[in-house]
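The values are calculated or read from the model by the stated rules, or taken from the named source; none is laboratory data. These numbers were taken from a predicted model, which means no experiment stands behind them. Surface accessibility is based on the protein's heavy atoms, side chains included, excluding ligands, DNA and RNA. Shrake-Rupley method; radii C 1.70, N 1.55, O 1.52, S 1.80 Å.
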Amino acid sequence: MRTARRSLTLLGLAALVLGVSGCAPEPPPEPETLTPTRAATVYLEAVCPVNEAWDEADVELDRLRLAEARGESASTSAFAASMTEVAKRSGTAATSLTSEERTWPDAARDPVAAVAETLAADQAQAKRVAALPAAQAVDYRWEGVDDIGAAASEARAALELPADADAACAAWRESDDDAGTAEDGGETR
(Lines give C-alpha, C1' and ligand atoms only; values in the text may rest on other atoms or scores of the structure.)
Protein backbone atom coordinates (compact mmCIF):
# COMPACT_ATOMS: atom_id res chain seq x y z
CA MET A 1 0.00 0.00 0.00
CA ARG A 2 2.84 2.36 0.93
CA THR A 3 4.65 1.46 -2.24
CA ALA A 4 1.54 2.26 -4.29
CA ARG A 5 1.18 5.65 -2.52
CA ARG A 6 4.84 6.46 -3.12
CA SER A 7 4.50 5.47 -6.75
CA LEU A 8 1.40 7.61 -7.15
CA THR A 9 3.07 10.51 -5.33
CA LEU A 10 6.15 10.26 -7.55
CA LEU A 11 3.98 10.04 -10.65
CA GLY A 12 2.00 13.08 -9.46
CA LEU A 13 5.20 15.04 -8.84
CA ALA A 14 6.56 14.04 -12.23
CA ALA A 15 3.33 15.16 -13.90
CA LEU A 16 3.50 18.46 -12.00
CA VAL A 17 7.12 19.06 -13.02
CA LEU A 18 6.36 18.22 -16.64
CA GLY A 19 3.28 20.44 -16.56
CA VAL A 20 5.16 23.37 -15.04
CA SER A 21 8.07 23.03 -17.44
CA GLY A 22 5.59 23.11 -20.32
CA CYS A 23 4.35 26.50 -19.04
CA ALA A 24 7.57 28.34 -19.75
CA PRO A 25 6.94 31.95 -20.70
CA GLU A 26 6.67 32.70 -24.37
CA PRO A 27 9.66 34.41 -25.89
CA PRO A 28 9.10 38.10 -26.50
CA PRO A 29 7.79 38.96 -29.95
CA GLU A 30 10.24 40.06 -32.60
CA PRO A 31 10.56 43.82 -32.83
CA GLU A 32 8.59 45.55 -35.55
CA THR A 33 10.92 46.60 -38.36
CA LEU A 34 9.76 50.07 -39.23
CA THR A 35 9.41 51.06 -42.86
CA PRO A 36 10.57 54.61 -43.58
CA THR A 37 6.97 55.84 -43.71
CA ARG A 38 5.98 54.08 -40.48
CA ALA A 39 9.19 55.30 -38.79
CA ALA A 40 8.33 58.90 -39.66
CA THR A 41 4.85 58.46 -38.19
CA VAL A 42 6.15 56.85 -35.00
CA TYR A 43 8.68 59.66 -34.61
CA LEU A 44 6.07 62.37 -35.05
CA GLU A 45 3.64 60.58 -32.71
CA ALA A 46 6.36 60.82 -30.07
CA VAL A 47 7.74 64.33 -30.58
CA CYS A 48 4.74 66.42 -31.72
CA PRO A 49 2.97 66.21 -28.33
CA VAL A 50 6.24 67.41 -26.75
CA ASN A 51 6.33 70.36 -29.13
CA GLU A 52 2.71 71.19 -28.21
CA ALA A 53 3.61 71.13 -24.51
CA TRP A 54 6.53 73.44 -25.23
CA ASP A 55 4.20 75.88 -27.01
CA GLU A 56 2.06 76.11 -23.87
CA ALA A 57 5.13 76.46 -21.63
CA ASP A 58 6.38 79.31 -23.84
CA VAL A 59 3.05 81.12 -23.43
CA GLU A 60 3.24 80.75 -19.65
CA LEU A 61 6.86 81.92 -19.62
CA ASP A 62 5.87 85.00 -21.63
CA ARG A 63 3.18 85.73 -19.03
CA LEU A 64 5.79 85.51 -16.28
CA ARG A 65 8.14 87.80 -18.21
CA LEU A 66 5.41 90.40 -18.68
CA ALA A 67 4.52 90.34 -14.98
CA GLU A 68 8.20 90.59 -14.00
CA ALA A 69 8.77 93.48 -16.43
CA ARG A 70 5.82 95.35 -14.90
CA GLY A 71 7.08 94.66 -11.41
CA GLU A 72 3.97 92.65 -10.61
CA SER A 73 3.91 89.61 -8.39
CA ALA A 74 3.38 86.61 -10.60
CA SER A 75 2.12 83.18 -9.71
CA THR A 76 4.24 80.42 -11.19
CA SER A 77 1.56 77.74 -10.86
CA ALA A 78 0.49 77.78 -14.54
CA PHE A 79 4.13 77.89 -15.66
CA ALA A 80 5.05 75.04 -13.30
CA ALA A 81 2.12 72.97 -14.58
CA SER A 82 3.16 73.57 -18.19
CA MET A 83 6.78 72.61 -17.46
CA THR A 84 5.59 69.51 -15.63
CA GLU A 85 3.66 68.59 -18.79
CA VAL A 86 6.81 69.16 -20.86
CA ALA A 87 8.66 66.78 -18.53
CA LYS A 88 5.92 64.16 -18.74
CA ARG A 89 5.64 64.26 -22.52
CA SER A 90 9.42 64.33 -22.97
CA GLY A 91 9.74 61.19 -20.86
CA THR A 92 6.94 59.47 -22.77
CA ALA A 93 8.53 60.39 -26.10
CA ALA A 94 12.00 59.23 -25.02
CA THR A 95 10.53 55.89 -23.94
CA SER A 96 8.63 55.51 -27.20
CA LEU A 97 11.67 56.27 -29.35
CA THR A 98 13.86 53.77 -27.48
CA SER A 99 11.29 50.99 -27.26
CA GLU A 100 12.70 47.55 -27.96
CA GLU A 101 9.40 46.71 -29.65
CA ARG A 102 10.60 48.32 -32.87
CA THR A 103 13.67 48.58 -35.06
CA TRP A 104 14.35 51.88 -36.79
CA PRO A 105 15.61 52.07 -40.37
CA ASP A 106 19.42 52.13 -40.43
CA ALA A 107 19.67 55.77 -41.51
CA ALA A 108 17.40 56.92 -38.67
CA ARG A 109 18.64 54.68 -35.84
CA ASP A 110 21.40 56.95 -34.48
CA PRO A 111 19.62 60.28 -35.07
CA VAL A 112 16.47 59.02 -33.34
CA ALA A 113 18.55 57.70 -30.44
CA ALA A 114 20.16 61.15 -30.13
CA VAL A 115 16.72 62.78 -30.00
CA ALA A 116 15.66 60.30 -27.31
CA GLU A 117 18.71 61.29 -25.26
CA THR A 118 17.85 64.98 -25.52
CA LEU A 119 14.25 64.23 -24.54
CA ALA A 120 15.39 62.35 -21.44
CA ALA A 121 17.64 65.28 -20.50
CA ASP A 122 14.76 67.70 -21.13
CA GLN A 123 12.53 65.66 -18.85
CA ALA A 124 14.93 66.06 -15.93
CA GLN A 125 15.61 69.72 -16.70
CA ALA A 126 11.91 70.60 -17.05
CA LYS A 127 11.20 69.09 -13.64
CA ARG A 128 13.88 71.35 -12.11
CA VAL A 129 12.68 74.44 -13.96
CA ALA A 130 9.07 73.85 -12.91
CA ALA A 131 10.12 74.42 -9.30
CA LEU A 132 11.91 77.75 -9.92
CA PRO A 133 10.55 81.03 -8.58
CA ALA A 134 9.35 83.52 -11.23
CA ALA A 135 12.51 85.66 -11.34
CA GLN A 136 14.74 82.61 -11.87
CA ALA A 137 12.39 81.02 -14.39
CA VAL A 138 12.38 84.21 -16.48
CA ASP A 139 16.19 84.34 -16.55
CA TYR A 140 16.73 80.61 -17.01
CA ARG A 141 18.71 79.52 -20.08
CA TRP A 142 17.86 76.03 -21.28
CA GLU A 143 20.86 73.70 -21.28
CA GLY A 144 21.73 71.96 -24.54
CA VAL A 145 19.54 74.01 -26.88
CA ASP A 146 21.99 73.68 -29.77
CA ASP A 147 22.33 69.91 -29.29
CA ILE A 148 18.56 69.50 -29.13
CA GLY A 149 18.02 71.42 -32.36
CA ALA A 150 20.81 69.62 -34.19
CA ALA A 151 19.60 66.17 -33.10
CA ALA A 152 16.02 66.90 -34.10
CA SER A 153 17.10 68.33 -37.45
CA GLU A 154 19.22 65.28 -38.21
CA ALA A 155 16.39 62.91 -37.25
CA ARG A 156 13.88 64.75 -39.45
CA ALA A 157 16.33 64.59 -42.38
CA ALA A 158 16.98 60.87 -41.83
CA LEU A 159 13.22 60.24 -41.76
CA GLU A 160 12.66 62.43 -44.83
CA LEU A 161 10.41 64.79 -42.90
CA PRO A 162 10.14 68.54 -43.51
CA ALA A 163 13.09 70.47 -42.10
CA ASP A 164 10.67 72.70 -40.17
CA ALA A 165 9.38 70.91 -37.05
CA ASP A 166 6.13 72.89 -37.04
CA ALA A 167 5.43 71.95 -40.66
CA ALA A 168 6.19 68.28 -39.95
CA CYS A 169 3.83 68.23 -36.97
CA ALA A 170 1.12 70.13 -38.85
CA ALA A 171 1.26 67.56 -41.67
CA TRP A 172 1.15 64.74 -39.11
CA ARG A 173 -1.86 66.28 -37.33
CA GLU A 174 -3.62 66.75 -40.66
CA SER A 175 -3.04 63.14 -41.70
CA ASP A 176 -4.15 61.99 -38.25
CA ASP A 177 -7.31 64.11 -38.54
CA ASP A 178 -7.96 62.69 -42.02
CA ALA A 179 -7.59 59.15 -40.68
CA GLY A 180 -9.99 59.95 -37.85
CA THR A 181 -12.51 61.44 -40.26
CA ALA A 182 -12.45 58.30 -42.40
CA GLU A 183 -12.81 56.07 -39.35
CA ASP A 184 -15.70 58.13 -38.00
CA GLY A 185 -17.68 57.77 -41.21
CA GLY A 186 -17.01 61.29 -42.41
CA GLU A 187 -17.43 63.19 -39.13
CA THR A 188 -14.57 65.18 -37.66
CA ARG A 189 -13.40 64.53 -34.17
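Heavy-atom surface analysis with a 1.4 Å probe gives the stretch 40-177 a carbon and sulfur content of 50 percent of its accessible area. The residues of the stretch 61-188 present an accessible area of 58 Å² per residue when probed at 1.4 Å with all protein chains retained.
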